[in-house]
Amino acid sequence: MLKDGDRFRLVRGPSMGRFRRRPRREAGYTLVELMMTASILALVALMAAPLMVQSTRFFLLTRAKVEIQRDARQVMETVTKALRQAQSNTLVVDRANASQPHYSRLRFTTINGASHTFFQSGTQLRHTTSAGTKTLSEHVRFMSFYFPRSNDMSIISVSLTFEKGTFEGKTKALHVASERVRVMN
């Protein structure tokens, strides 16, 4: 006798008049279904891994570009603001020491008598005043101060190259900033 909770169902047999009991299918997944699901998930993971690497690389490169562009704007603003207040007869362009690039240090005195020095030390751009030394940027690759016209010492050109590593040490973001500044005094 069958009860409501039994795990059998009645099916018609070949004689069409008699019923026989057949076990009901168990709930769950077969091994074939599990293997197909695992293989599909593996394919999706194989396609997603390079996509994740590329999106991470893009994000880090974009962030590095934004950071060095911001540094370039801030440094150029600081240098040009100070240079406009300089006395043209006090401008000295040289290098801090033999390990630094030529023309990578600028010294001058403003009309107020304050002395300023901008120089490159490794990858740092530093600004020295009577108040002390301040690092303006940590990502300077190259810095150069020069007079575009040798007969006019009231115009000085400032060139900066910023560099920052982005991903796995393989790619770097570069930004070049160049500006001519007229010394007002």
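None of the figures in this text is laboratory data; all of them are computed from the coordinates on show. This structure is a prediction, so every number in the text was calculated from the model and none was measured. Here Cβ is always computed from backbone atoms with ideal geometry, including for glycine, and neighbour counts include all displayed protein chains.
Below, the figures for the structure above:
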item: Rg [Å, one decimal], Dmax [Å, integer] - the chain, C-alpha atoms; result: 36.4, 119
item: Karplus (6.51, -1.76, 1.60) ³J(HN,Hα), θ = phi - 60°, over segment 126-133, in Hz, Gly and Pro reported as x; result: 10, 10, 10, 10, 5, 7, x, 9
item: Rel. contact order, % - alpha carbon contacts under 8 angstrom, at least six apart, segment 34-182; result: 20 percent
item: Inter-label distance, nm, simple model (7 Å from Cα along the C-beta direction), Ala42/Gln74; result: 5.0 nm
item: For Val32, Val183, Val176, order by how many other beta-carbon atoms lie within 10 Å, fewest first; result: Val32, Val176, Val183
item: Cβ-defined net charge surrounding Arg149, 15 Å radius [Lys, Arg +1; Asp, Glu -1]; result: +1
item: Dimensions (Å) - segment 91-180, Cα atoms, principal axes, largest first; result: 47, 32, 23
item: Under-5 Å amide H pairs with Ile155, H placed in peptide plane, nonlocal only; result: Val183
item: Hz values of 3J(HN,Hα) by residue in segment 68-79 - Karplus curve (6.51, -1.76, 1.60), Gly and Pro given as x; result: 6, 5, 5, 4, 4, 4, 5, 5, 4, 4, 5, 5
item: Within the chain, longest stretch clear of exposed GluC sites (Glu not before Pro) (DSSP loop, no more than 15 other Cβ within 10 Å); result: 27-137
item: Spatially near lysine pairs across the chain, Cα under 19 Å, sequence gap of 8 or more or different chains; result: 5
item: Distant-in-sequence amide H partners of Phe142 (H built 1.01 Å from N, under 5 Å); result: Thr161
item: Spherically averaged projected area of segment 30-114 from its Cα convex hull (nm²); result: 10.0 nm²
item: Principal axis dimensions, segment 82-127 - Cα atoms, whole angstrom, descending; result: 32, 17, 13
